[in-house]
C-alpha cells in the first residue's frame, strides 16, 4: 500500500484504522512525504499498535517535489508483487481493496477502481473536476478502447513487474495513473475495472490543481487516441 501524504495528520489515523479493518494480511504500508515537518509523521507515530498496520515504512520523496514523484517513490520502494496506490483522505473504497489485489495477483497489470462503471459512484467533490474526469474516462473507454471507464482515478492496483518495466514520464499531479493505464493497455497488458465508490474528503485540504494539471492529463488522453487510430509510438 502506497500513500503519498502532505500534512494529513487529521486523516492518517482513520486511514490506518480503515486499512487494518479491510486489508488482507501480508502487506506493508509505505507512507511517502516531501518534508520532515509534515504533520502526518507525528500523528502516525502516535497511533497505538493495534490501530496501524504491522509493517509501516516512512519514505521521504527525494525524486522531485509533489504528489507525482511521491507516488513513484512509493512504487519503486515497494517489495510486494502487487502495489496499491491510495489516498490518505479516506476517499477510496476499501471495500474493493481485496478484489483489486486479487485481480492483479491473477495477472492484470493495472486494476482500476471505477466510479463510472455500473455499480460505481462518486459522492461529493468539485462539479467541474467530476465532469471532466467522467467525460475523459467514458470517451477513452468507448472510443479509444480502454477496458476501464475510470483511468484517471488514483486508486489502482498494479503488478510490480509491470511497473519495473515501464518508464513514468508524467511531470505533475496524479497524471501518472492515466499514463500507466494507457501504456499498459496499448502495450498489450491486461487492464481491468472494478466498480467502486469515491467519497470526497471530510478533513484537510485537497491539493488537486485542476487547471495546472489539466494539460498533463490531456497529453496522455490524446496519446491514447493516437495509439488507437494513428501510428503507435514505442514507450
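Find all pairs meeting these conditions: Cβ atoms under 9 angstrom apart; at least six residues apart or on different chains; first residue within the range 46-69 and at pLDDT 95 or above; second residue assigned to a loop (DSSP other than H, G, I, E, B) and exposed (fewer than 14 other Cβ atoms within 10 Å of the Cβ).
60/35; 60/36; 61/35; 69/62
Only residues that are under 15 Å from residue 2 (Cα atoms) and either in contact with a strand residue (DSSP E or B) (Cβ under 7 Å, 6 or more places away or on another chain) or surrounded by fewer than 18 Cβ atoms within 10 Å (Cβ to Cβ) (or both): list them for the range 42-60, please.
44, 53, 54, 55, 56, 57, 58, 59, 60
Tell me which residues, restricted to the range 103-129, are more than 22 Å from residue 180 (Cβ to Cβ) and surrounded by 13 or more Cβ atoms within 10 Å (Cβ to Cβ).
Across the range 103-129, the qualifying residues are 121, 125, 126.
Does the range 170-186 contain at least one residue that is farther than 19 Å from residue 71 by Cβ and either at pLDDT below 90 or more than 16 Å from the chain's Cα centre (by Cα) (or both)?
Taking every residue of the range 170-186 in turn, at least one turns out to be farther than 19 Å from residue 71 by Cβ and either at pLDDT below 90 or more than 16 Å from the chain's Cα centre (by Cα) (or both).
Only one of these conditions is not met by residue 114: (1) at pLDDT below 95; (2) more than 19 Å from residue 215 (Cα to Cα); (3) touching a helix residue (DSSP H, G or I) at 6+ places or on another chain (Cβ under 9 Å). Which number is it?
(1)
Would you mind stating whether residue 37 is free of Cβ contacts under 8 Å to residues at least 40 places away in the same chain, part of a loop (DSSP other than H, G, I, E, B), within 30 Å of residue 212 (Cβ to Cβ) and touching a helix residue (DSSP H, G or I) at 6+ places or on another chain (Cβ under 8 Å)?
Judged against the criteria, residue 37 is not a match.
The values are calculated or read from the model by the stated rules, or taken from the named source; none is laboratory data. All figures in this text were calculated on a predicted structure; none of them were measured in a lab. Because the Cβ atoms are built from the backbone with ideal geometry, glycine has one as well, and the counts that use them run over all protein chains shown.
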